[in-house]
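The values are calculated or read from the model by the stated rules, or taken from the named source; none is laboratory data. If you're wondering where the values come from, they're calculated on a predicted model, not measured in any experiment. What goes into the accessible areas is simple: the full protein's heavy atoms, side chains included, and nothing from ligands, DNA or RNA. Shrake-Rupley method; radii C 1.70, N 1.55, O 1.52, S 1.80 Å.
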Amino acid sequence: MKKIYLIMLTVLLAGASMNAETHTTVKPESTINNSLNEDWTFNGNLNVKAGLLPLSNGPATVTATPNGNTISLSISGLTILEIPIDLTMTDLTYDGIKIPKGTKSTAMGYPVTFTQDCYINANSCQGIYLRITGTPSGTITAVFN
């Protein structure tokens, strides 16, 4: 009987000790100001061509995620040969109002260049103009507006 009491006392003390440790290691959640990292979403039309051959022309959605002096873009709605494709470009140079002409990135593993300034902010996207090189279809132009 003494062994049972000893085992129960050991379990209770171990539980109390674990509970005390848990309470001392829990930190209150901090409030994070996420205003700079809110996504902006724009609906428009995406026209994609390889040379003069149209590959796609239809509705698309752009999601922009600003992060200080960089911005990430994702363009969804592009379908080529019935395959849906997202063009995602991260850590683009961003000065607070635009991605400058000549900014380089990659999408789907291919080099991408912005052929015009891309003016974009929380309220508007005045167009995205891309040149994608090295694809099996040659050089592709993509215009979202």
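Taking the solvent-accessible surface of protein heavy atoms with a 1.4 Å probe, what is the per residue accessible area of the stretch 41-143 in Å²?
Ligands and nucleic acids excluded, the figure is 52 Å² per residue.
To the nearest 10 Å², what's VAL48's accessible area with a 1.4 Å probe?
We get 0 Å² for VAL48.
I'd like the accessible area for ASP117, computed on protein heavy atoms only with a 1.4 Å probe and all protein chains in place. Round to 10 Å², please.
Counting only protein heavy atoms, ASP117 exposes about 50 Å² to solvent.
Take GLU82, GLU38 and sort them by solvent-accessible surface of the protein heavy atoms, 1.4 Å probe, largest at the top.
From most exposed to least exposed: GLU82, GLU38.
Only Cα pairs under 8 Å and at least 6 apart count here; give the relative contact order of the stretch 41-143 as a rounded whole percent.
Numbers: 241 pairs, mean separation 21.7, N = 103.
Value for the stretch 41-143: 21 percent.
At a 1.4 Å probe radius, carbon and sulfur cover how many percent of the accessible area of the stretch 41-143?
Roughly 52 percent of what the probe reaches on the stretch 41-143 is carbon or sulfur.
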